[in-house]
Amino acid sequence: MADTPRAMSAADIAEWRNGWRVALGAGIGMGTGVSLYLYVASIFIGPISEEFGWSRGAISFGSMMSFLTGAVTLPILGRYLDRLGFRRVAIFCCFGLASVYALNALQTGVYEIYIAMMIAGGVFGGGTSSIIYTRPVIASFARQRGLALGIATAGTSIAAMIAPPLLMYVITEYGWRPGFFALAALTALIGLPLALALIGKAKEATAHASDDVDDAPVNVPDVTLREAVKRGRFWLLVLAIACINIPGSGVLGQLAPLVSDTGLNDGDVAIVMSIYAAGLLVGRLITGFSLDRFPPQWVGAITTLVPAIGIVLLMIPEPSFALAALAVALIGAQQGAEVDLFAYFISRSFGLKHYGSIFGVIAMAGAISTAIALVSFGKIHDATGSYDLGLQVGAVLFCVGALAFALIGREAAAGSVVVTA
């Protein structure tokens, strides 16, 4: 475990010279994949509810079914990722997800069809997410892996900053159906071709730091999924991702109506959602930079404590625009750090050969947690008329997640594979 920050060397610069296109391409792929829908899904809640008479809880149930389906398929996608490489999986799933968006735009108000479409979205969505696009990044970067992951995942933040105001305008002027068609075009016709062109075909195989870079900071032996589940670190990561995703996804899934309920108008709500995305961007870059230079378990613990403050601020009655913006920015900062943290810890703890399989199982825990959060926050609002109870539970869970990251340091000191900054 590194005790002092490590400065960037000539070898680090050489790694960026060779791999910057991969990081950029992965960022575009993630930014136009299923994560974009998660950031903008709450914009569709009001118009769909008004047109079809569905409650917020009923609409959120569809999101829960989507993530439960995605949770089941993530380990399978991880195995195909390890065997086939990211390219084939990404192409198949991107076109599948775009088809789901288009079919959603054509729905006539049959609730069962809506649920079926959300389930299909869960199947294809995982193949457009971080589990797929972080694979070429970690294969291209060893010394600067944390920062590379931060820059790659920043693509979702940039997309989330741009998309909410545009989609809000499209929905306001033309209706929610053109909004779904716009998402389909972004995923299959813009994002995927750009991502594949930038990443290229050469980053399917595993790369080790010691193979390509002198004075490499890490040399982690490859661990199978069966071996990984026997280690305490694996279960601490499962606990951490669950504690992060329940409050984080619960707030994000209801972000537009949650902020609107504080008294802000539609224009301010759209701006606050963009500020949330800005928090994602800042969180990703700072976390990625820090992971390469400071003890990773403390980076994880500190970044997971920050959103608890944001949760508390959101519970203040009738907050000002500035206070609401600060609150969602703090929550967004941690959510932005999530992918960086787990991709980094998994690759540094268990190696790269079985990265997809191990990440798939841990991500499954995250997807199940997200599904629980999406339906729970909506149901809490339906039952109590506010989101306060969900926010209170969320603040506690963020603290537990921070503790899980802190305990990874003790578990490493006891003799497990050590994460090196």
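The values are calculated or read from the model by the stated rules, or taken from the named source; none is laboratory data. Computed from a predicted structure; not experimentally measured. FYI the Cβ positions are ideal-geometry reconstructions off the backbone, even for glycines, and counts take in every protein chain you see.
Key figures for this structure:
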read-out: Top-ranked residue of the range 49-68 - restricted to ones that are among the small types (Gly, Ala, Ser) and either free of Cβ contacts under 8 Å to residues at least 60 places away in the same chain or in a helix (DSSP H, G or I) (or both), ranked as farthest from THR128 (Cα to Cα); value: GLY53
read-out: Every pair of residues 6+ apart whose Cβ atoms lie under 7 Å, when the first sits in the range 270-291 and is more than 15 Å from GLU338 (Cα to Cα) and without any contact (Cβ under 8 Å) to a residue 60 or more places away in the chain while the second is part of a helix (DSSP H, G or I) and aliphatic (A, V, I, L, M); value: VAL272/VAL259; VAL272/ALA324; VAL272/ALA325; VAL272/VAL328; ILE275/ALA325; ILE275/VAL328; ILE275/ALA329
read-out: Boolean, PHE377 is in contact (Cβ under 8 Å) with a residue 40 or more places away in the chain, touching a helix residue (DSSP H, G or I) at 6+ places or on another chain (Cβ under 8 Å), surrounded by 24 or more Cβ atoms within 10 Å (Cβ to Cβ) and among the aromatic types (Phe, Trp, Tyr); value: yes
read-out: Among (1) in contact with a helix residue (DSSP H, G or I) (Cβ under 6 Å, 6 or more places away or on another chain); (2) more than 21 Å from SER42 (Cβ to Cβ); (3) of a type outside the set (Phe, Trp, Tyr), the one test that LEU280 misses; value: (2)
read-out: Filtered residues of the range 239-254 (kept if more than 13 Å from the chain's Cα centre (by Cα), hydrophobic (A, V, I, L, M, F, W, C) and modelled with pLDDT under 85); value: VAL251
read-out: Test: residue in the range 348-360 that is closer than 17 Å to ILE244 by Cβ, at pLDDT 85 or above and either of a type in the set (Val, Ile, Thr) or crowded, with 23+ Cβ neighbours inside 10 Å (or both); value: yes
read-out: Qualifying residue in the range 77-86 (condition: out of contact with any Cys (no Cβ under 7 Å at 6 or more places or on another chain) and farther than 20 Å from VAL361 by Cα); value: no
read-out: Boolean, VAL419 is modelled with pLDDT under 80, farther than 14 Å from THR304 by Cα and under 25 Å from the mean Cα position of the chain (by Cα); value: yes
read-out: GLY85 being crowded, with 24+ Cβ neighbours inside 10 Å and within 21 Å of the chain's Cα centre (by Cα); value: no
read-out: Test: residue in the range 20-33 that is part of a helix (DSSP H, G or I), basic (Lys, Arg), at pLDDT 85 or above and surrounded by fewer than 24 Cβ atoms within 10 Å (Cβ to Cβ); value: yes
